[in-house]
1. So if we plug the beta-carbon distance of D61 and D157 into 1/(1 + (r/R0)^6) with R0 = 51 Å, what FRET efficiency do we get, rounded to 0.05?
2. What's log10 of I(q)/I(0) for the range 5-252 at q = 0.11, 0.16 Å⁻¹, Debye sum over Cα points only, no solvent?
3. What nm distance separates the two modelled labels at R120 and S210, each placed 7 Å from Cα along Cα→Cβ?
4. Assuming 0.36 nm per residue, please report the length gained on full extension of the stretch K74 to N8 beyond their Cα-Cα distance.
5. For the range 170-218, what does the relative contact order come out to in percent, with C-alpha contacts under 8 Å and a separation of six or more?
6. Select from the chain the helices, each a whole stretch of DSSP H, whose alpha-carbon atoms run 15 Å or more along the helix axis and whose Kyte-Doolittle mean is at least 0.0; answer none if there are none.
7. Taking the Cβ of A182 as the centre, find all other residues whose Cβ is under 11 Å away and add up their charges (Lys, Arg: +1; Asp, Glu: -1).
8. Tell me the label-point distance for the pair R103, E85, using the 7 Å Cα-to-Cβ offset, in nm and rounded to one decimal.
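Computed from the coordinates by the stated procedures, all read-outs in this text should not be read as laboratory data. None of the values given here were measured: they were computed from a predicted structure. Methodologically, a virtual Cβ is constructed for each residue, glycine included, from the backbone with ideal geometry; neighbour enumeration extends over all protein chains shown.
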Amino acid sequence: MNQGKIYNYILQGIEKKGALFFLLLDPDKTRVDQLEKLVPEFEASDIDVLLIGGSLILDSDFNEFVRIIKSKTKIPVVIFPGGVEQVSPYADAILFLSIVSGRNPENLIGKHVIAAPLIRRINLEPISTAYILVESGKTTTAEFLSNSKPIPRHKPDLAAAHALAAEYLGMKLIYLEAGSGAELTVPEEMIYAVSKICSIPVVVGGGIRSPEVARKKIEAGAKIVVVGNHFDDPENFNQLKEFTSTVHYKLKATKEV
């Protein structure tokens, strides 16, 4: 079993850059024939990790998508699974998500039992991740499909208690998720409460559409920012470098000295 190579890369990147930027690609929304043009843009923009996944994979061949993108880039490719079928030997790692904000046993441990033997067999690095759904102004796909209630956005202490329990259970990342295309992002008060009480990195995603919003999440304590839907529109790719330079605040401060 691959023992922590990508997780160590993440920790070292946080130490060096202050925080990291993950770009989420949905195989149903990014055509394979676009990758030839997009991958050089990703590398030139200093993206730290490419997350691959979607709540529903309807039209694409997930495994083939991962294989192609991995063949074209040296950026780590990590699966952000929307289901047990989203596993590929071509990826570098997989976020082994447990929806700790809910009480649906299938999403706490059930589906993991099915996926674990396959992950071991293909020698894919699992990164145990506490996935916390946060109320975002509308019902998200993740909330609907997981049959899990999100944490109320005005209850940062409740999110912090869930995150701390997950850390005590041995999880390596805390992922605060507002949801794909969320109207409202994860509140800074909640990010601060979680990051203050936990010693493992806090990931924040959902509804982040500008570098300024990303900066606020970092200032509140997030160590990883995930953006996906905003870049479904290729015209927004010219903002990638601005996103990464904002998130990599330690590097930015060094250049300004």
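1. Between D61 and D157 the formula returns 0.70.
2. These q points yield log10 I(q)/I(0) values of -0.52, -1.21.
3. If labels sit at R120 and S210, their model points lie 4.9 nm apart.
4. 22.1 nm
5. 46 percent
6. Passing helices, by number: 111-121, 156-168.
7. Overall, the nearby charge balance is -1.
8. Computed distance between label sites R103 and E85 equals 3.1 nm.
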